[in-house]
Amino acid sequence: MRKFSASSLALFAVLLALPSPVADQHAAASTPELSPDDPRLERLEEFFAARDCPAVEVADVFVQAADAYGLDWRLLPSISFVESTGGKAMNNNNLFGWKNGEAEFASLSEAIHKVGFSLANSRLYRNKDVDAILETYNPNNEYPAKVKSVMYRISPSR
């Protein structure tokens, strides 16, 4: 009986250490509903559609993720535009060039939520303004200006 208890405890410890599929779905439960006439959604759809970007299909997810994680609503779409032209040059649903382009996501929505969550909560990014987030995201000196230029083209105001 003693061996069974030790084995059970070891198995329990291993299970606790494994990544939880529920934790990966943190965004699904906390995503606020978006009004279909939200002007941010309309602006983002117009921006991506005018450039024939696949990201137009998930414009609402960008806005929902920004609201859920307290980010400027233009930040994630702008990074996606700089990194993959809004999905034209992405691999494995990686709109953002996340992890040097090596990250794989099950869907565009998952990519948006995982990157958004990380920008809001990771010790590397949390409590930073847009400039500091972008400097951390990509150390290239011109990167923040590129992304902020796209942000302004999406909408001049937050």
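The values are calculated or read from the model by the stated rules, or taken from the named source; none is laboratory data. Keep in mind the model is a prediction, meaning the values are calculated, not measured. With ideal geometry, Cβ positions are generated from the backbone for all residues, glycine too; neighbour counts draw on all protein chains shown. These accessible areas exclude ligands, DNA and RNA; they are computed on the full protein's heavy atoms, side chains included. Shrake-Rupley method; radii C 1.70, N 1.55, O 1.52, S 1.80 Å.
Some points to look at:
- Each of LYS88 and ASN121 was given a label point 7 Å from its Cα along the Cα-to-Cβ line. The distance between the two points is 3.4 nm.
- Accessible surface for the stretch 44-158, divided over its residues, is 49 Å² per residue with a 1.4 Å probe.
- Accessible area of ASP72 (1.4 Å probe, protein heavy atoms only, ligands and nucleic acids ignored): about 20 Å².
- Split the accessible area of the stretch 73-158 by element, probe 1.4 Å, and carbon with sulfur accounts for 43%.
- Global geometry of the stretch 59-158, whether rounded, prolate or oblate, following the gyration tensor of its Cα atoms and the 1.5 cut on a/c: rounded
- Residues ASP52 and ARG158, FRET efficiency given R0 of 30 Å [Cβ-Cβ distance, rounded to 0.05]: 0.70
- With all protein chains modelled, accessible area of GLU135 [1.4 Å, Å²]: 110
- Solvent-accessible ranking of ARG43, ARG126, ARG74, largest area first, probe 1.4 Å: ARG126, ARG43, ARG74
- Simple spin-label estimate for GLU104 and ASN141 in nanometres, 7 Å along Cα-Cβ: 3.8
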